[in-house]
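Working notes, beginning with the structure itself.
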Amino acid sequence: DAGGRDGLSANVTLCVGSSLVLLAGIYGFFSQATRAETADEMYATTRGRIDTALTHGRCGLFDWDLSRGRMFWSSSLYELLGREPKDDILSFADVADITHPDDIDLLGLAEHLLETGETLVDETFRMRHSDGSWIWLRARGEIQSEPGRPEPPLIGICLVFTEQHRLAEQNRMADVRLH
């Protein structure tokens, strides 16, 4: 019976075609997953290299959302302060708690930058190390405009400035004694 064979042939063709489309979809999914895993590995390797370079350079990166008062630190910045690196975003209060109050007013700095439209920062201040000592840091950064973000972040680098500050203070004291 020709009609039965034609129906069977159509069903087999439909089943084989559907199976091929399904296999192509599965192959595409696993291919994309492999590419994503490779990209993640490359990102982790690059981030590790950057953190190593920053640690050896005695500096760390920060990304400060001025309008929300939240800050991201690189793991090297945590290490400079003897703290355990974490991926969490720091609150303004977290950072202010370990910043020396006589050196810098972080809230005032954020308000000043947002009100005036200035984009560059170059500040020297102390932060408390986990052992209780004060570490002098020099923070240099720039506000970066980003599409889709109403309030651009302040992105920069903190360098350990303790030794330079100590030498400058010794020079100042020597000058005072000479006069």
In segment 119-132, residue farthest from Gly82 (Cα to Cα) [restricted to those that are free of Cβ contacts under 8 Å to residues at least 40 places away in the same chain and surrounded by fewer than 11 Cβ atoms within 10 Å (Cβ to Cβ)]: Asp122
Segment 49-82 - residue that is among the charged types (D, E, K, R) and assigned to a helix (DSSP H, G or I) and, of those, least open to solvent (accessible area, probe 1.4 Å): Asp51
Odd one out for Asp87 among (1) under 12 Å from the mean Cα position of the chain (by Cα); (2) of a type in the set (Asp, Glu); (3) surrounded by 12 or more Cβ atoms within 10 Å (Cβ to Cβ): (3)
Total residues in segment 93-124, condition over 19 Å from Arg70 (Cβ atoms), of a type outside the set (Val, Ile, Thr) and either part of a strand (DSSP E or B) or in contact with a Phe, Trp or Tyr (Cβ under 7 Å, 6 or more places away or on another chain) (or both): 4
Any pair with Cβ under 8 angstrom, 6 or more apart, that starts in segment 82-96 at a residue that is touching a residue at least 40 places away in the same chain (Cβ under 8 Å) and ends at one that is surrounded by 10 or more Cβ atoms within 10 Å (Cβ to Cβ): Gly82/His129; Gly82/Ser130; Arg83/Ser130
Residues located in segment 133-158, provided they are in contact (Cβ under 8 Å) with a residue 60 or more places away in the chain, open to solvent by less than 60 Å² (accessible area, probe 1.4 Å) and assigned to a strand (DSSP E or B): Ala139, Gly141, Ile143, Leu154, Gly156, Ile157, Cys158
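The values are calculated or read from the model by the stated rules, or taken from the named source; none is laboratory data. Remember, it's a predicted structure, so these values are computed and weren't measured experimentally. Note: ideal-geometry Cβ built from the backbone for every residue, glycine included; neighbour counts use all protein chains shown. Ligands, DNA and RNA are stripped out before the accessible areas are found, and what is left, the full protein with its side chains, is counted by its heavy atoms. Shrake-Rupley method; radii C 1.70, N 1.55, O 1.52, S 1.80 Å.
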